[in-house]
1. Which one is farthest from the chain's Cα centre (by Cα), of the residues in the range B:55-80 that are of a type outside the set (A, V, I, L, M, F, W, C) and assigned to a strand (DSSP E or B)?
2. What are the residues in the range A:28-41 that are within 14 Å of chain B (Cβ to nearest Cβ) and touching a residue at least 12 places away in the same chain (Cβ under 8 Å), if any?
3. Got a number for residues in the range A:26-64 being open to solvent by 80 Å² or more (accessible area, probe 1.4 Å), within 30 Å of B:Leu111 (Cβ to Cβ) and in a strand (DSSP E or B)?
4. Filter the range B:81-112 for residues that are within 14 Å of the chain's Cα centre (by Cα) and open to solvent by 70 Å² or more (accessible area, probe 1.4 Å); which is nearest to the other protein chains (Cβ to nearest Cβ)?
5. State yes or no: is A:Ser9 closer than 29 Å to A:Pro114 by Cβ, hydroxyl-bearing (Ser, Thr, Tyr), open to solvent by 70 Å² or more (accessible area, probe 1.4 Å) and within 14 Å of chain B (Cβ to nearest Cβ)?
6. Report, by residue number, each residue of the range A:65-81 that is surrounded by fewer than 19 Cβ atoms within 10 Å (Cβ to Cβ) and in contact with a Gly (Cβ under 9 Å, 6 or more places away or on another chain).
7. Among the residues of the range B:30-54, what is the count of those that are farther than 16 Å from A:Phe104 by Cβ, over 13 Å from the mean Cα position of the chain (by Cα), more than 9 Å from every other protein chain (Cβ to nearest Cβ) and outside any loop (DSSP other than H, G, I, E, B)?
8. Those residues that are under 26 Å from B:Thr112 (Cβ atoms), open to solvent by 20 Å² or more (accessible area, probe 1.4 Å) and either without any contact (Cβ under 8 Å) to a residue 60 or more places away in the chain or assigned to a strand (DSSP E or B) (or both), I need them from the range B:2-29; list them, please.
Amino acid sequence: AQSVTQLGSHVSVSEGALVLLRCNYSSSVPPYLFWYVQYPNQGLQLLLKYTSAATLVKGINGFEAEFKKSETSFHLTKPSAHMSDAAEYFCAVSEGDSSYKLIFGSGTRLLVRP
Amino acid sequence: GAGVSQSPSNKVTEKGKDVELRCDPISGHTALYWYRQSLGQGLEFLIYFQGNSAPDKSGLPSDRFSAERTGGSVSTLTIQRTQQEDSAVYLCASSFRDRDHTIYFGEGSWLTVV
């Protein structure tokens, strides 16, 4: 069965510092992987996705993630945090053409200190 | 419309009453999903529609929950005899069923059962 583990329910960084949000997955087939962001009282917005093309995926708002099969990881990074990045981030996995639904991690709340 | 539209955005209901939540997907999207987001359970898949049929209802938590989709477009999630544990945000999402594999979410319906 598919599953997603996000290490750290809360991550706090200073404005301008590197952002690193961790995600590990398990899947019996090559996965599709996603990062979504949720701002307070809003729905989920897609940041980026991996669908078996390039392993380094660039998304919106300066975020990127690297698919590492050997580590079953898909960590999200941003070189320099901005106050507006404060939100909750969710990693999700699906089995691509063999399964349509997303299985989500428990989320990581990013706090950005001035 | 431009995005996935859900109504009502907020609903407070008394325990034991029935509620209906509506979702209007992005025009042309053949796939529609319902998820539930609650403090204790995170983001849970409820049901998936392809056109008007629901090949996967595995996430519906009990027989008090049902959903339908008509005309390959609008969907209604119905909760009968609501319980306090049904309090959550109900998120609807839609996508094309192709290799793009991007699922777009609405802003959710916040349900509070008192």
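1. The first filter runs over the range B:55-80 and keeps only residues of a type outside the set (A, V, I, L, M, F, W, C), leaving B:55-59, B:61-64, B:66, B:68-73, B:75-76, B:78, B:80.
Keeping just the survivors that are assigned to a strand (DSSP E or B) gives B:55-56, B:66, B:68-69, B:75-76, B:78.
Working: B:Pro55: 15, B:Asp56: 13, B:Ser66: 10, B:Glu68: 10, B:Arg69: 11, B:Ser75: 8, B:Thr76: 7, B:Thr78: 9 Å.
Per the criteria, the residue is B:Pro55.
2. Here is the first cut: in the range A:28-41, the residues within 14 Å of chain B (Cβ to nearest Cβ) are A:29-41.
Within the range A:28-41, A:Val29, A:Pro30, A:Pro31, A:Tyr32, A:Leu33, A:Phe34, A:Trp35, A:Tyr36, A:Val37, A:Gln38, A:Tyr39, A:Pro40 qualify.
3. 1
4. B:Glu107
5. So A:Ser9 fits the description; yes.
6. Selection gives A:Pro79, A:Ser80.
7. As a first pass, look at the range B:30-54 and keep what is farther than 16 Å from A:Phe104 by Cβ: B:30-32, B:49-54.
Of the ones still in play, those that are also over 13 Å from the mean Cα position of the chain (by Cα) are B:30, B:50-53.
In the following step, the residues that additionally are more than 9 Å from every other protein chain (Cβ to nearest Cβ) were identified as B:30, B:51-53.
After this cut, where a residue has to be outside any loop (DSSP other than H, G, I, E, B) as well, the list is B:53.
Here the count works out to 1.
8. Result: B:Ser5, B:Gln6, B:Ser7, B:Asn10, B:Lys11, B:Val12, B:Glu20, B:Arg22, B:Asp24.
The values are calculated or read from the model by the stated rules, or taken from the named source; none is laboratory data. The structure presented is a predicted model; accordingly, all values stated were derived computationally and were not measured. So basically every Cβ, Gly included, is an ideal-geometry build from the backbone, and we count neighbours across all protein chains shown. SASA here: full protein model, heavy atoms, side chains in, ligands and nucleic acids out. Shrake-Rupley method; radii C 1.70, N 1.55, O 1.52, S 1.80 Å.
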